[in-house]
Amino acid sequence: MMENLEQNQALIESQMIEGRNVVIEAFRSGKTIDKVFILDGSQDGAIQTVLREAKKQDTILHFVSKDRLNQMSETGKHQGVIAYLSSYEYSEISDMLALAKEKEEPPFLILLDHIEDPHNLGAIIRTANLAGAHGVIIPKRRAVGLTATVVKTSAGALHYTPVAKVTNLTKTIETLKKEGIWFVCADMTGETMYSFNLTGPLGLVIGNEGAGVSRLVKEACDYVAKIPVQGDIDSLNASVATGVFAFEIVRQRLQK
């Protein structure tokens, strides 16, 4: 119940647009749209256009009842379509690599495999900034985007830390390997994190809050590392795990 309330609040805080033509024009003008809510069962031409444009951007789609749309609507003229624009602009991975080069530092990227909680994403972006990471990479599908809650939780870090959205995290890893970047996957099946040299060009991969890192993403990584824990449960919150790994990377780099 609380999770639904928080998600609804994040949507309320984001910029909402309503109406078929308005949403279509937002897509065509290059706006980043996180979610689209469409009247379930609609099949006309304008709706099909919205669906095509959403598919091009890998926008999350929700098919809902007329009552749900009426509750969400601020204008009362939604025409069966309501969309939420991203609260922040996304960067390109090339910007992150350029930032590392400008600072004369080995690239340090944080890749998130379908993080769903906006508070986790905001906290991770904040940690990324404090640890000197050059950017955060998230997938387009089945993951939270840069909502107003994420922006707020990042405590201003989004003004300084680039965030990029990619269609396929595994392919992105394979491409970045060609740039000389090595990838370490955070997973409890690996060797202890203290066994690895984390000082070079590095991508840190953090998994979903429940499922962890997906199989294909894990297989694409060079190392699988775990945080040694002493308690009675076997995993940490995603943002906390990111912090532990990120500052081990900072420690090793400072001692190099």
Taking the stated definitions as given, is T199 part of a loop (DSSP other than H, G, I, E, B), in contact (Cβ under 8 Å) with a residue 60 or more places away in the chain and either of a type outside the set (D, E) or open to solvent by less than 60 Å² (accessible area, probe 1.4 Å) (or both)? yes
One residue from Q255, Q230 being without any contact (Cβ under 8 Å) to a residue 60 or more places away in the chain and within 24 Å of H134 (Cβ to Cβ): Q255
Starting from residues that are acidic (D, E) and open to solvent by 50 Å² or more (accessible area, probe 1.4 Å), keep the ones in region 16-41 and report whichever is modelled with the lowest pLDDT. E25
Residues in region 112-142 that are touching a helix residue (DSSP H, G or I) at 6+ places or on another chain (Cβ under 6 Å) and not small (G, A, S): how many? 14
Which one is nearest to the chain's Cα centre (by Cα) among residues in region 208-223 that are surrounded by 15 or more Cβ atoms within 10 Å (Cβ to Cβ) and over 23 Å from P106 (Cα atoms)? N208
Could you list, in sequence order, the residues of region 21-46 that are more than 27 Å from the chain's Cα centre (by Cα) and assigned to a helix (DSSP H, G or I)? N21, G45, A46
Looking only at region 153-181, which residues are within 15 Å of I137 (Cα to Cα), open to solvent by 40 Å² or more (accessible area, probe 1.4 Å) and either touching a Gly at 6+ places or on another chain (Cβ under 8 Å) or not acidic (D, E) (or both)? Y160, K165, T167, N168, K171, T175, K177
Take the residues in region 154-185 that are of a type in the set (F, W, Y) and under 18 Å from the mean Cα position of the chain (by Cα); name whichever of them is nearest to H114 (Cα to Cα). F183
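Condition check: open to solvent by 10 Å² or more (accessible area, probe 1.4 Å) and either at negative phi or among the basic types (K, R) (or both). Does V136 satisfy that?
Considered against the rule, which asks whether it is open to solvent by 10 Å² or more (accessible area, probe 1.4 Å) and either at negative phi or among the basic types (K, R) (or both), V136 comes out as no.
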Can you go through L112, L99 and tell me which one is buried (at least 17 other Cβ atoms within 10 Å of the Cβ) and either at positive phi or within 18 Å of the chain's Cα centre (by Cα) (or both)? L112
Is it the case, given these coordinates, that E219 is farther than 21 Å from N129 by Cβ and outside any loop (DSSP other than H, G, I, E, B)? yes
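The values are calculated or read from the model by the stated rules, or taken from the named source; none is laboratory data. Note that the structure is predicted; figures quoted are calculated from it, not measured. Ideal geometry is used to build each Cβ from the backbone, glycine not excepted, and the neighbour counts take in all protein chains shown. Protein only, heavy atoms only, side chains kept; ligands, DNA and RNA dropped before computing areas. Shrake-Rupley method; radii C 1.70, N 1.55, O 1.52, S 1.80 Å.
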